[in-house]
Amino acid sequence: MNKKQLSERDICSKFITPNLVTAGWDLDTQVREEVGFTDGRIYVRGKIHARGAQKRADYILYYKPNIPIAIVEVKDNNHTVGAGIQQALGYAQTLEIPFVFSSNGDRFLFHDKTVEAGSIETELPLNAFPSPERLWAKYKAFKGISDGVDSVVSQEYFSDGSTRSPRYYQQIAINRTVEAIAQNEGNNRHLLVMATGTGKTYTAFQIIYRLWKSGLKKRILFLADRTALIDQTVRGDFRHFKEAMTVIKHKQIDTAYNIYLALYQGLSDNNHDDAYKQFSPEFFDLVIVDECHRGSAREDSKWREILEYFKGATHIGLTATPTETKEVSSSEYFGDPLYTYSLKQGIDDGFLAPYKVIKITLDIDAEGWRPPKGFKDKDGKPVEDRIYNRTDFDRHIIVEERRQLVAQKITEFLRGSDRFSKTIVFCVDIEHAEGMRKELANANADLVAANSKYVMQITGDNEEGKRHLDAFISPTELYPVIATTSKLMTTGVDAQTCKLIVLDSNIGSMTEFKQIIGRGTRINEDFGKFYFTIMDFRNVTALFADKAFDGDPVRVKEAGQTEDISGAESETDQTPITDDLTGNEIVFPDPEKPNVSIIAEDPADVGRRRKVTVNGVEVTVLKERVQYMGDDGKIITESLRDYTRKSIRTSYSSLDSFLASWKQADKKRAIVDELEQQGVIFAALNEEIGSAFDPFDLICHVAFEQKPLTRKERAEQVKKRDYFTRYGELARKVITALLDKYADDGGLDLENPEIIRLDPLSKIGSPVEIIRAFGGKSAYDAAIHTLTDELYNAA
C-alpha cells in the first residue's frame, strides 16, 4: 500500500480510527467524525443570500456525550505529521478542548494544553494514542475537578431520542455552569450572557436537568417577569420535566414538585402579598432568573427581595443584554459572566441571521420643522412657535404626513420583497402604534380588505392585539403580518420568521436596542428566513457603532451607590446618538416611569399627555441608503461591486495571480466555491451586472476592471477555431452541444461528469457511447479540460 496515494479519508479509515479503537475509544458513544460545529455564516447582498463554509473537525472525542476532551485533525500522507495542528488548535480554542492531535497516518503530534512545564507538544506512535481514562484524569486535574463531584460533572444531558443535542457554545455554557456549581468554591451566583435566539432556555433546561438528575440540586425555581416567557418555556424544552414540574398561579403554592416556574409578580407584588414566603427560605437550592437584566438587576427592587429570601440557593442569571449603568448592575449581583456568546459570534457561526440596514432620513427629522406664523393644529389651536425635530415627532407633535410617508416606505419595501413578511414596527408610544396601524392599513388597503388582521396594533392596552400575539410569532400562521407596538414586543417574543424590523422610536437605551434587534435574529430555513432587514427612520442604528453594542459589559455602578427606586432607566443609560447628517448629538426627553407589571408597556400614553396634531406639512425623503454588517461586526455602507472587489482582492492581489490560479485549477468550481464562502455572491452580481456573464468574467470585470465577454461570445469564439477538428463526428457533436449548454446555462457544470446524462447530450448517445467517441474516459476528461481552457483563453 502506497500511503502517498491515499486520500485524507483513507488515512482516517485505515490508520486513525483503528488506533482509536485500540486505545479504548468507543466508536458509538465517544468518537464523532467529520463534525460540523458551526452552520456557516450567511452572507447577504441585495435580496440574495448565500452560506459560507462550516467549521468542521475530522474527529472530536468525548469522555461522555456532553464532555468533548480531544480533537484530531488529519491530513493525507503528502503532508507532515503536524500539518493540521494549527487548524486543530483554532478549533480547540473555539470548542474549549484541551487535548489536540494532528496526524498524516504515520504518527500523532500531541498538543497538551494542560502542560504548564516541559514539552507541550510531543510525537506519539500510532499505537500509543491515549485512552479515554488517561485523558479524563488529566482533564479533571486541569479543571480542578475532585473525585467527589466527578459524578455531577459527568452527568449526561437529557435526550429525547432525536438527533438534537446542544450546539458547541451551549455545551460550553452548560459545562462551565455545572462545573462551577459542583465545585462551589464559595460562590453561588453565576451569570450567562447569550445573544437572543441562541437558546438560553434550552441551555437552562439542560443545566437544571443535569444538576437535578445528579442529585446535587433537588428543588429548582425558574423566575421570569412576563407571562409569554413562562408560557414559551412550559411548552418548549421544559415540557420534558412532565409531572415533576408546575407553574405557580394565583399565588397558590404546592410543595410537592421539584421544578417550579413562576412570574415575579406571581410571588410578590406591591400589595405586600408575598406568596414566596409560603416556602421556607431553604426550600429551593437552585434559582434561575430569566432576562435578569430587568427587575432583579435593581438592588432595591421588590423582585430582588425574592432572591434575597432564597439566598441560600445557587442563583443563575440569564440574559442577552446585561445592564451596566451607574444605577443598575447585573454583574454586581451575579458576578462576571461565566460565559458570553455574542450576537457577532452567532452571526459568524451561522446560527443567527445577519441583517442589512435601510436608513431613511426625512427632511423634517434632520432639518427640523418650524410652523409658519399663525399655523394652527387640527383642533384650530395655535401651534407653539419653535423648531420641532426627530425627538418631538409622535411624542409631542403628530405630523400626519410624516406618518403617511413612513407607512408608504414600509409598504414599498414589502411590495418589492414579500408583502407577507412578518414585520414589527416599533413606535414611540401606544398612541403612535395605534396611529401607525391606521396608516399602514390605508397603505395596504387591498390586503386589509382581504383580511383585517393583515396589520394589527399589539400593545399592552390592546386586548384584541395581545390575543393575536401567538399567531404573529407562529411560523405557520399567516396573520397578523404587520404588528405595530411600543414596548410589549421588545423582549420575550420568539418571532422566528420576522423579516423586517422598523425603528420609528427614539431609542436611547443600549439594552432596549439590543433586545429589539434580537427580535429578528432567529433563522428559520423551513420558512425562508435567513436574514432580516432593519428600516431605521430615527438614526437609532447609530448605536451599532457604539463599542458597547457587542462587547462585554463593563460594570459602571459603584457598590452602595444610591438609586432612584422608580424602576425608570436613568439618563446615564441613554447612550448618546449623533445625527447622521448634522453631526450634532441628539438629546432625548427624560424617559417615562414604567409600571412594574407583567407587560412593561410605555405608559405615555393612555392619553395622559395631549399631543398636537397637524397636517398640511410637506415631508420628503432626504436620504436613503442600504448598509450591511461587515465581517468585523460593524455596519458598513458599501456597494455590491466595492464589497466584491475587496473580497476578491483579499485572495488575489492582481489579475495575473487570479488568472494563474484559474488556469492551474483542476476544477474551476473550487475557486468559485471558495470565493462564495468568503461572501462573494455571484447570483447578486448577475442580477446587477447581467445574467449573460459567468463567474470568471464577473471576477475579472468587478475586481480587475476587465471588459467582460458573455458566455455566448466565448462559445462562438471557440467554435470558430479548428482545434477540435481532430475528433470524430460524434465527439464534435458532443463538444458543440456542450458549448451551446455553456452559452445557455453557464459553463461551470461542464466539469461535472453527470452532464453527459442530461439533455441535450443524452439525445446524442449513451454515456458509454459518448466516452467511447473520445477514445475512453481519460481522453474524454482531457478533452473537457482542453475545452474549458479554450473557453477562458478567448480574448
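The values are calculated or read from the model by the stated rules, or taken from the named source; none is laboratory data. Here the structure is a predicted model, which means the values were calculated and not measured. With ideal geometry, Cβ positions are generated from the backbone for all residues, glycine too; neighbour counts draw on all protein chains shown. The area values use the complete protein model at the heavy-atom level, side chains included, leaving out ligands, DNA and RNA. Shrake-Rupley method; radii C 1.70, N 1.55, O 1.52, S 1.80 Å.
Within the stretch 185-213, track down each residue that is hydroxyl-bearing (Ser, Thr, Tyr) and either under 19 Å from the mean Cα position of the chain (by Cα) or more than 21 Å from ARG239 (Cβ to Cβ) (or both).
Answer for the stretch 185-213, where residues must be hydroxyl-bearing (Ser, Thr, Tyr) and either under 19 Å from the mean Cα position of the chain (by Cα) or more than 21 Å from ARG239 (Cβ to Cβ) (or both): THR196, THR198, THR201, TYR202, THR203.
Quick one: VAL149 ticks every box in (1) in contact with a helix residue (DSSP H, G or I) (Cβ under 9 Å, 6 or more places away or on another chain); (2) modelled with pLDDT of 95 or more; (3) assigned to a helix (DSSP H, G or I) bar one, so which box is it?
The failed condition is (2).
Could you tell me which residue of the stretch 172-197 is modelled with the highest pLDDT, considering only residues that are open to solvent by 40 Å² or more (accessible area, probe 1.4 Å) and touching a Phe, Trp or Tyr at 6+ places or on another chain (Cβ under 8 Å)?
Selected residue: ARG176.
Going by what's in this entry, would TYR169 be described as surrounded by 18 or more Cβ atoms within 10 Å (Cβ to Cβ), in a helix (DSSP H, G or I), aromatic (Phe, Trp, Tyr) and in contact (Cβ under 8 Å) with a residue 60 or more places away in the chain?
Yes; evaluated as a whole, the condition is true for this residue.
Restricting attention to the stretch 87-108, which residues are acidic (Asp, Glu) and open to solvent by less than 10 Å² (accessible area, probe 1.4 Å)?
Selection gives nothing.
Residue-by-condition table, conditions (1) surrounded by 18 or more Cβ atoms within 10 Å (Cβ to Cβ); (2) modelled with pLDDT of 95 or more; (3) small (Gly, Ala, Ser); (4) part of a helix (DSSP H, G or I):
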site: PHE413; (1), (2), (3), (4): yes, no, no, yes
site: THR423; (1), (2), (3), (4): yes, yes, no, no
site: ASP446; (1), (2), (3), (4): no, yes, no, yes
site: ALA449; (1), (2), (3), (4): no, yes, yes, yes
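Can we say SER162 is at negative phi and assigned to a loop (DSSP other than H, G, I, E, B)?
Numbers: at negative phi: yes; assigned to a loop (DSSP other than H, G, I, E, B): yes.
Spelling it out, SER162 is indeed at negative phi and assigned to a loop (DSSP other than H, G, I, E, B).
Being surrounded by 20 or more Cβ atoms within 10 Å (Cβ to Cβ) and not in a helix (DSSP H, G or I), is that true of even one residue in the stretch 701-716?
Yes: one or more hits.
Would you be able to say whether some residue in the stretch 221-235 is surrounded by fewer than 20 Cβ atoms within 10 Å (Cβ to Cβ) and part of a loop (DSSP other than H, G, I, E, B)?
Checking the stretch 221-235: not a single residue is surrounded by fewer than 20 Cβ atoms within 10 Å (Cβ to Cβ) and part of a loop (DSSP other than H, G, I, E, B).
Please pick out the residue among VAL425, VAL406, VAL383 that is closer than 27 Å to VAL626 by Cα and in contact with a strand residue (DSSP E or B) (Cβ under 7 Å, 6 or more places away or on another chain). Write out each step before concluding.
Working: VAL406 fails: in contact with a strand residue (DSSP E or B) (Cβ under 7 Å, 6 or more places away or on another chain); VAL383 fails: closer than 27 Å to VAL626 by Cα.
Residue meeting the stated conditions: VAL425.
Looking at (1) open to solvent by 10 Å² or more (accessible area, probe 1.4 Å); (2) modelled with pLDDT under 85; (3) closer than 21 Å to ASN442 by Cβ, can you tell me which one LEU488 breaks?
The failed condition is (3).
For residues that are within 52 Å of the chain's Cα centre (by Cα) and at pLDDT 85 or above, tally how many sit in the stretch 720-740.
10
Going by what's in this entry, would GLN155 be described as out of contact with any Gly (no Cβ under 6 Å at 6 or more places or on another chain), open to solvent by 20 Å² or more (accessible area, probe 1.4 Å) and assigned to a helix (DSSP H, G or I)?
no
Being open to solvent by less than 30 Å² (accessible area, probe 1.4 Å) and of a type in the set (S, T, N, Q) is the filter here, so list the residues in the stretch 499-532 that pass it.
SER505, SER509, THR511, GLN515, THR521, ASN524
Look through the stretch 686-697, keep the residues that are in contact (Cβ under 8 Å) with a residue 60 or more places away in the chain and over 18 Å from LEU659 (Cα atoms), and return whichever of them is most open to solvent (accessible area, probe 1.4 Å). Steps first, please.
Going residue by residue through the stretch 686-697, those that are in contact (Cβ under 8 Å) with a residue 60 or more places away in the chain are 687-688, 696.
With over 18 Å from LEU659 (Cα atoms) added as a condition, the list becomes 687-688.
Values: GLU687: 130, GLU688: 95 Å².
Among them, the one singled out is GLU687.
For the stretch 662-682, how many residues are in a helix (DSSP H, G or I) and either open to solvent by less than 40 Å² (accessible area, probe 1.4 Å) or of a type in the set (Val, Ile, Thr) (or both)?
Number satisfying all stated conditions: 6.
Aliphatic (A, V, I, L, M), in contact with a helix residue (DSSP H, G or I) (Cβ under 9 Å, 6 or more places away or on another chain) and in a helix (DSSP H, G or I): is that true of LEU698 in this structure?
yes
Residues that are part of a helix (DSSP H, G or I), under 22 Å from ASP673 (Cα atoms) and open to solvent by less than 20 Å² (accessible area, probe 1.4 Å): does the stretch 760-768 have at least one?
For the stretch 760-768, residues part of a helix (DSSP H, G or I), under 22 Å from ASP673 (Cα atoms) and open to solvent by less than 20 Å² (accessible area, probe 1.4 Å): absent.
It is to be established whether one or more residues within the stretch 77-85 are exposed (fewer than 15 other Cβ atoms within 10 Å of the Cβ), modelled with pLDDT under 90 and over 25 Å from GLN183 (Cα atoms).
Scanning the stretch 77-85, I find no residue that is exposed (fewer than 15 other Cβ atoms within 10 Å of the Cβ), modelled with pLDDT under 90 and over 25 Å from GLN183 (Cα atoms), so the answer is no.
Please verify whether ARG210 is under 25 Å from GLY161 (Cα atoms), at pLDDT 85 or above and open to solvent by 40 Å² or more (accessible area, probe 1.4 Å), treating the condition exactly as stated.
So ARG210 fails the test.
For GLU123, indicate whether it is part of a helix (DSSP H, G or I), farther than 26 Å from ALA670 by Cβ and modelled with pLDDT of 95 or more.
Here the answer is no, as GLU123 does not meet what is asked.
Check whether at least one residue in the stretch 239-248 is at pLDDT below 85 and open to solvent by less than 40 Å² (accessible area, probe 1.4 Å), and report yes or no.
Among the residues of the stretch 239-248, not one is at pLDDT below 85 and open to solvent by less than 40 Å² (accessible area, probe 1.4 Å), which makes the answer no.
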